[in-house]
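The values are calculated or read from the model by the stated rules, or taken from the named source; none is laboratory data. Note that the coordinates shown come from a computational prediction; the quantities given were computed from them, not determined experimentally. Here the Cβ positions follow ideal geometry from the backbone for every residue, glycine too, while neighbour counts run over all protein chains shown.
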Amino acid sequence: MNPATSGPTAPILIIGAGPAGLTAAHQLARRGISDVVIVEADDTVGGISRTVERDGFRFDIGGHRFFTKVPAVEALWHEILPPGAMLTRPRKSRIFYAGRFYDYPLKPANALANLGPVEAARCAASYLWARIRPPRDTSTFEGWTAARFGWRLYRTFFKTYTEKVWGVPATAIQADWAAQRIKNLSLGRAVWSSLAPKSRRGGVTSLIEEFEYPALGPGMMWEACRDEVVAAGHRLHMEAPVEVIRRSANGATAVVTNRRGVTTVTPCSHVISSMPLGHVVACMDPPPPEDVLKAAGALRHRDFLTVALVVPAGTAFPDNWLYIHEPGVRVGRVQNFGAWSPHLVRDGYTCLGMEYFVNQGDDLWEMADEDLVAMATAELDRLKLAHAADVDAGYVVRMPMAYPVYDSTYAANVDIVRRWLEHAVPNVHPVGRNGMHRYNNQDHSMVTAMLTVENLVDGADHDVWSVNVEEDYHEELRPRGGTGRDAPIVAAAS
């Protein structure tokens, strides 16, 4: 290791106790490095991969399947958790629209049967027309998708959900995301894939049919990891948000945290940071140039909240989750946590996670918990997924900065910030989803931490920023490698 300016005895400081931060801590402990300080702003480890517990029910912030193409990540999962703790679960998710369930990924026979002969004929005609007269602008999510499925299927199966998730019109989302998430898939190719022999179905993205999952949810993994690194001698400070990162001409020298009004200054040799990339820059003292601050301040996030409703087990759908494409409700996705693991729920009940994609400060984010429970219960009843009278209890969990937003200037802004950090504070190492402003899966975040530790301790020269830039979708089952998953590029805020 090559500490910056704080001396050989200064600890490595890790910001954030989510998958990236705790993986970095675990890898350092494995190498016998115990002089490590971890600071976490929240009172719970795991970040967005935590598990929330309320009255004997456990639920995710979203759903977190444990699937990876990276052997080292899979090995680490099984190293952290004891044998038997990881369950193998069947994957079942469908689209819910107009009172009907549609297979996901879309299967033409199922979709057309659900739509009915008249609407199916209209969709087929719409598709043929789009082939003859494609949309004028295929650079947007709307144009790109309509060109491949026709306008009617686009409006049914793509428009509503995508706009709920990202909070912008589909015309403001760039085609880059669609081209990667549903790459190589068109109605014609989907029909061929459903009819052709399996040996000739290559080229259309398919999703995994089963996945691993900790019996008590993803938080079980990161709580066990926390216990391991603390036992190895690492110091963990919870509810200790970073206020300042002090730096000299050669890099970061100390991190200042504030825990319940008590300020702590911790010298550092290196900083491994999974806090939001823009916030890292904003905390620097002395501050960076104005153009860097402006770029950092322009990095945006989409926030998230779950209303978990307890219902009798027999009233719930069998899926792990449903995508809600109904335009008349605000819920975007519904989890059935009992279908993830029977250990997440109490006997005779399940917990349905009504998921809302929001922005901090909007009406849903500011709504009182009891009003959110009432609204989610009414929407569940309106969708006829359960009766309002079946809801026994409800709980609300808000998760800020859940999804990095890829607006039209994000890539340039990330590049400005990245280049400045590499030049001015080379001992600050961004990792993870928010740390790199990357729409990473959990395993991607872990890989960035693993490679960073190899760079620091083993003298490797990995380009950590190359993780998750491949075009292949993360769950695409192909012989070729790749762990990439991308997110939409949307219009920048004015």
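Given the criteria more than 22 Å from the chain's Cα centre (by Cα), in contact (Cβ under 8 Å) with a residue 12 or more places away in the chain and either closer than 12 Å to Ser274 by Cβ or outside the structural domain of Pro430 (by TED's automatic domain parsing) (or both), does Asp55 qualify? In short, yes.
Strands (runs of 3 or more DSSP E) fully within segment 245-294 that include at least 2 residues being surrounded by fewer than 19 Cβ atoms within 10 Å (Cβ to Cβ): 251-259, 262-267. For segment 92-102, a residue qualifies if it is of a type outside the set (Gly, Ala, Ser) and surrounded by fewer than 17 Cβ atoms within 10 Å (Cβ to Cβ), and the qualifying residues are Arg100, Phe101. Which one is surrounded by the fewest Cβ atoms within 10 Å (Cβ to Cβ), of the residues in segment 105-156 that are assigned to a helix (DSSP H, G or I) and acidic (Asp, Glu)? Ranking the qualifying residues of segment 105-156, first place goes to Glu119.
Might you check whether a residue that is farther than 21 Å from Thr160 by Cα and either of a type in the set (A, V, I, L, M, F, W, C) or not in a strand (DSSP E or B) (or both) occurs anywhere in segment 317-333? Taking every residue of segment 317-333 in turn, at least one turns out to be farther than 21 Å from Thr160 by Cα and either of a type in the set (A, V, I, L, M, F, W, C) or not in a strand (DSSP E or B) (or both).
The residues of segment 425-447 that are outside any loop (DSSP other than H, G, I, E, B) and either touching a strand residue (DSSP E or B) at 6+ places or on another chain (Cβ under 7 Å) or free of Cβ contacts under 8 Å to residues at least 12 places away in the same chain (or both), listed by number, are Val428, His429, Pro430.
Scanning segment 33-74 for residues that are part of a loop (DSSP other than H, G, I, E, B) and of a type in the set (Asp, Glu), we see that the one that is farthest from Ala224 (Cα to Cα) is Asp55. Restricting attention to segment 343-370, report how many residues are over 20 Å from Lys164 (Cα atoms) and either without any contact (Cβ under 8 Å) to a residue 40 or more places away in the chain or of a type in the set (Asp, Glu) (or both). So the count comes out to 5. From the list Phe96, Phe101, the one residue that fits, being touching a Lys or Arg at 6+ places or on another chain (Cβ under 8 Å), farther than 21 Å from Gln442 by Cβ and in a strand (DSSP E or B), is Phe101. Test Met238 against the stated conditions and say whether it is touching a strand residue (DSSP E or B) at 6+ places or on another chain (Cβ under 6 Å) and more than 22 Å from Thr9 (Cβ to Cβ). In short, no.
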